[in-house]
Amino acid sequence: MSSYVISVSREFGSGGRVIGKQLAAKLGIPCYDRTIIQKTSEKSGLSPDFIARAEERARSRFHLSIAPIGIGAPAFTHQGVPVSHQAFFAQAEVIRELADEGPCVIVGRCSDYILGDRPECLKVFVHAPLEQRVKRCVEEYHIPPTGLEQRVSGMDRGRANYYNYYTGHTWGEMRRYDLTLNSSLTGIDGAVQLIASLVENRQRGVDEP
């Protein structure tokens, strides 16, 4: 079977991380999520906590300048490069290296953009209505319900600000993904099956002479 990679982007509380893990298990391939944080830390010399909280800091745009950076700028050649940019460049390099190793699922981390020029990359975006995501956060993630709608919206805002700034594109824009799905309609199992079926269909087309 030809090499491929699946990028799973997701709204907070939509179950995208769980979908990514279960999809990887079904396909028998690795799923990279928080592993990327540690590998990025090792490559950049920055703390895992600093890297992990990048999207949280982006809830406010004050730490972001106006123009998008893009991933083509040199990562470590200038001492004046802000540490947040160094973290992004190192993370992009880690994601490309993981994709080079073979089939895998990568959750979030702007991976759809970083791997966007690769035809073997299937880009998925998982979303759900806010009330369903809040319910999932309470029932499955055991997050206290007080002020939770604002917190969920804040997490999405951080992801959008972070993504929009570093990629120059719009987070969640339908046309940038191969598949968008509403997890409140499909459920976790249905989403996994849907994505797996698409992967298998694409691979049959690639592998047939």
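The values are calculated or read from the model by the stated rules, or taken from the named source; none is laboratory data. Not measured: the values here are computed from a predicted model. Positions of Cβ are backbone-derived with ideal geometry, glycine not excepted, and every protein chain shown enters the neighbour counts. To get the accessible areas, we keep the full protein, side chains included, count just its heavy atoms, and leave off ligands, DNA and RNA. Shrake-Rupley method; radii C 1.70, N 1.55, O 1.52, S 1.80 Å.
The residues of the range 1-52 present an accessible area of 42 Å² per residue when probed at 1.4 Å with all protein chains retained. Extension gain for Arg118-Leu130 works out to 1.1 nm (0.36 nm per residue, less the C-alpha to C-alpha distance).
For the chain, the relative contact order is 37 percent, taking Cα pairs closer than 8 Å that sit 6 or more residues apart in sequence and dividing their mean separation by the residue count.
Shown for the chain: the carbon plus sulfur share of the solvent-accessible area, taken with all protein chains present and a 1.4 angstrom probe, equals 52%.
Here Lys26 is the anchor, and the lysines within straight C-alpha reach of less than 24 Å, apart from those fewer than 8 places off in the same chain, are Lys123.
With both labels modelled 7 Å from their Cα along Cα-to-Cβ, the Ser184 to Ser153 distance reads 1.5 nm. Taking 30 Å as R0, compute the FRET efficiency from the Cβ-Cβ separation of Gln193 and Ala52 and round it to 0.05. For R0 = 30 Å, the calculated efficiency reads 0.50. Stretched out straight at 0.36 nm per residue, the stretch from Arg204 to Ile29 would grow longer than its current Cα-Cα span by 61.3 nm. At q = 0.17, 0.21, 0.31 Å⁻¹ the log10 of I(q)/I(0) for the range 110-163 amounts to -0.67, -0.83, -1.19, computed by Debye summation with a single uniform scatterer per C-alpha, solvent ignored. For the range 75-178, the list of GluC sites (Glu not before Pro) that fall in a loop by DSSP and count at most 16 other C-beta atoms within 10 angstrom reads Glu120, Glu140, Glu173. Dividing the summed -39500 (n - 2.57) terms of all DSSP H runs of n ≥ 4 by the residue count of the chain sets its mean residue ellipticity at 222 nm at -16000 deg cm²/dmol. Can you give the longest stretch of the chain with no exposed loop site, where a site means chymotrypsin sites (Phe, Trp or Tyr not before Pro) in a DSSP loop (not H, G, I, E or B) with at most 16 other C-beta atoms within 10 Å? Between the exposed loop sites, the longest stretch runs 1-75. For the range 85-186, the per residue solvent-accessible surface stands at 44 Å², with DNA, RNA and ligands left out and a 1.4 Å probe.
Put a dot 7 Å past the Cα of Arg175, heading toward its Cβ, do the same for Tyr141, and the two dots end up 3.1 nm apart.
Comparing Arg57, Arg118, Arg175 in a Gaussian network model of the chain, where Cα atoms under 10 Å apart are tied by springs, the biggest mean-square fluctuation is seen for Arg175.
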